[in-house]
Amino acid sequence: LEQMQNMTIDLNSKALIEKAEKDGVETMYKRKLGYKVQCGFGLQGVCCRNCGMGPCRISAKTPRGLCGADEHTIVGRNYARMCAGGAAAHSDHARDITHTLGLTTPGGAYQVAEPEKLKEFAQFMGVDPEGKDIYELAHEVSEVCLMEFGKPHGVSKLLARAPKVRQDIWKEYGIEPRAIDREIATVMHSTHIGCCADIDALVHMAFRCSMADGWAGSMIGTMLSDILFGTPKPVHTEANLNVLDGNNVNIILHGHEPTLSEMIVLASELPEMQDLAKEVGADGITLSGICCTGNELTMRHGIKIAGDFHQQELAIITGAVEAMIVDVQCIFPALAEVATHYHTKFITTSPKAQITGSTYMEFHEETALEDAKTIVREAILNFKNRDASKVMVPELKSEAMVGYAEEAIVGQLNNVVNTQIDDMNTLKPLIDVLASGVIRGVVGVVGCNNARTPSNYNHLTIMKELIKNDYLVVTTGCGASAAAKNGLMLKENAAKYAGKGLATVCQLVDIPPVIHLGSCVDNSRILNICSLVANALDMDIADLPVAGCAPEWMSEKAIAIGTYVVGSGIETFLGVMPPVTGSSRAVEILCGSIKDKVGACFHVNEDAEALAQDIMACIEAKRPHFEELY
Ligand code: NFS
């Protein structure tokens with residue numbers, strides 16, 4: 001038990017791991033114990049199973065696969081495929097959002113929440129909004145965006161948001177992404193048996209494909225989600241499993257796409273649903289979120305964050321959850337088994353993510369609200385099956401301020417800092433505090449939890465070290481949940497955790513030391529802010545005192561993100577080694593020579609304290625150049 005409890009630093013999680021043992025329920029933490037030794041070939045990325053002659057594994061005795069592929073080829077292919085997997089996930093999510101924009105109608109389930117943003121974006125995408133009805137425009141923008149997934153000619157239109165120098169770098173290295181689906185298909189083709197067998201070419205392709213994620217798919221996903229559901233604004237919330245309410249029907253939303261979760265919010269607020277909840281003996285309905293759906297909901301509605309990736313099983317083990325409703329991505333298939341020990345309904349909704357043992361209630365955007373009502377009703381009616389003797393809601397939760405979109409960050413800084421500057425809504429205040437060195441730099445600390453490190457340990461260690469030394473932290477995904485759960489997203493805690501410079505800025509500007517930027521597709525907001533600042537200063541993104549960090553990354557999506565962040569000229573720090581160490585060439589390129597091409601590279605250190613020091617050293621080394629340019 002102690003061994004399992006040591007795999008997380010979250011006290012709620014520790015308590016629930018103990019309950020799981022008592023209840024005889026297997027969790028990830030238990031399974032991890034069984035995996036004392038994980039496959040060394042896989043860890044190094046030198047196992048190839050891309051054809052039926054294999055699997056081939058590179059070792060001293062077998063330095064080549066049956067086709068003759070060496071370790072560099074195999075590692076390169078595997079890495080490129082991870083990028084393709086990640087780009088596919090983010091972009092397919094974005095595709096659904098784009099289709100949904102095409103379904104908007106006045107007064108319908110899906111509407112245009114941000115007409116001005118839509119007009120601006122339409123203009124950017126080459127659609128003239130002049131004289132058009134807003135829904136006509138929405139449908140046209142939807143069509144234009146869908147073309148970004150499959151257009152036969154040209155490169156991503158969204159690249160134009162980046163500084164000109166950056167665009168030239170991409171052109172030079174040849175990583176301007178064409179249609180999103182094409183980049184993914186090209187990687188799948190080139191990594192097929194008997195195709196690309198050159199590590200430089202494979203890395204190049206991996207970068208181009210990942211760029212299609214960051215500078216097309218994810219960016220479209222974020223932009224259209226804002227247009228459909230509203231641009232997030234700072235809002236108060238609470239985080240960690242204590243947000244579950246013992247007297248209420250508890251519905252947890254887990255997964256990624258706001259199309260489903262937004263409808264569940266609407267449905268659960270209907271008087272008929274509230275009444276039904278009372279009828280079955282509950283006080284009301286509590287919605288909460290896990291993973292990126294949690295982030296999307298909390299930043300737009302202040303809906304509470306139940307937990308992060310590693311807490312999904314534990315949430316059900318509280319015995320207080322009527323339904324865990326999921327759509328796509330980051331969902332443990334184990335939830336089906338865990339749910340059998342309690343009354344919880346594990347409801348899958350997407351044809352893309354059906355899971356054996358779950359209750360499958362397919363969700364269609366065309367009948368969104370009706371489908372959502374059916375699902376919510378199912379959850380409410382399950383309240384009577386709750387077994388009080390099995391309920392244990394753990395004690396802890398934390399408050400947080402979340403929901404800082406680009407607009408909020410700029411607006412917030414403008415509000416308070418520089419009342420003397422005349423042009424409001426400029427980036428000047430942000431740039432001033434950066435240039436003067438009051439804030440040393442900005443670091444995006446983002447991404448998952450990984451069972452190879454104690455849950456949340458790397459995130460919190462690095463975030464705390466950075467803010468203590470006056471680096472502003474922005475965060476998304478499960479990193480954001482870790483920060484929210486631990487009080488780092490409260491301005492009131494700035495004095496406690498942040499250095500003097502940062503703490504002063506937090507007080508003056510009314511921001512927390514760690515800023516919630518949203519879900520993982522919202523990493524595109526980071527690209528956006530960096531581009532805005534670089535453009536305003538006439539610099540390249542690589543000139544800015546910024547860095548990216550994924551301290552506990554685990555998904556292919558995270559690899560794609562890391563790759564496009566590096567491709568964007570931002571030094572990227574990983575707390576877990578990706579499976580590339582089997583190829584000395586791959587490591588040399590990714591952690592070194594790629595910098596000659598794109599102005600940044602990967603840095604890996606599995607010691608969190610040391611990684612934080614590495615990040616700060618890297619930014620400090622950038623500062624003189626930045627100050628000079630400024
Ligand atoms: Ni991101 Fe979101 Fe979390 Fe990792 Fe999974 S939820 S898309 S992949 S685990 S941060």
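The values are calculated or read from the model by the stated rules, or taken from the named source; none is laboratory data. Only a predicted model underlies this, so the values are computations on that prediction, with no experimental measurement involved. With ideal geometry, Cβ positions are generated from the backbone for all residues, glycine too; neighbour counts draw on all protein chains shown. The area values use the complete protein model at the heavy-atom level, side chains included, leaving out ligands, DNA and RNA. Shrake-Rupley method; radii C 1.70, N 1.55, O 1.52, S 1.80 Å.
Its relative contact order, with pairs defined as Cα atoms under 8 Å and 6+ residues apart, puts the chain at 17 percent. Checking every one of the GluC sites (Glu not before Pro) in the range 534-630 against DSSP loop status and a limit of 16 other Cβ atoms within 10 Å picks out GLU606.
Kirkwood's formula applied to the C-alpha pairs of the range 318-466 gives a hydrodynamic radius of 20.1 angstrom. Each principal axis of the range 265-349 carries a Cα extent, and these read 33, 31, 21 Å when sorted largest first. HIS189 exposes around 120 Å² of accessible area when a 1.4 Å probe is run over every protein chain in place.
Report the Cα centroid-to-centroid distance between the range 262-316 and the range 188-223 in angstrom, as an integer. Between the Cα centres of the range 262-316 and the range 188-223 lies a distance of 36 Å. What pairs in LYS151/LYS352; LYS32/LYS496; LYS119/LYS233; LYS151/LYS557; LYS352/LYS491 have C-alpha atoms more than 30 Å from each other? Going by Cα-Cα distance, LYS32/LYS496; LYS352/LYS491 fall outside the 30 Å limit.
Taking a ≥ b ≥ c as the square roots of the Cα gyration tensor eigenvalues, with a/c under 1.5 meaning rounded and otherwise prolate when a/b beats b/c, else oblate, which class fits the chain? Note, shape of the chain comes out rounded. With all protein chains in place and ligands, DNA and RNA left out, the 1.4 Å accessible area ranks ASP308, ASP92 as ASP92, ASP308, largest first. Applied to the range 357-364, the Karplus parametrisation 6.51 cos²θ - 1.76 cosθ + 1.60 on θ = phi - 60° returns per-residue 3J(HN,Hα) values of x, 8, 8, 9, 10, 5, 9, 10 Hz, with x for Gly and Pro. From the Cα gyration tensor of the range 524-574, with a ≥ b ≥ c the square roots of its eigenvalues, which class applies: rounded if a/c is under 1.5, or else prolate if a/b is larger than b/c, or else oblate? It comes out prolate by the Cα gyration axes. Within the accessible area of the chain, the carbon and sulfur atoms contribute 53%, probe 1.4 Å, all protein chains present. Shown are SER59, SER350, whose ranking by accessible area with a 1.4 Å probe and every protein chain present, most to least, is SER59, SER350. In this structure the chain gives 36 Å² per residue of accessible area when probed at 1.4 Å with all protein chains present.
Summed over qualifying helices (DSSP H, 4 residues or more, each -39500 (n - 2.57)) and divided by its residue number, the chain shows a 222 nm mean residue ellipticity of -14500 deg cm²/dmol.
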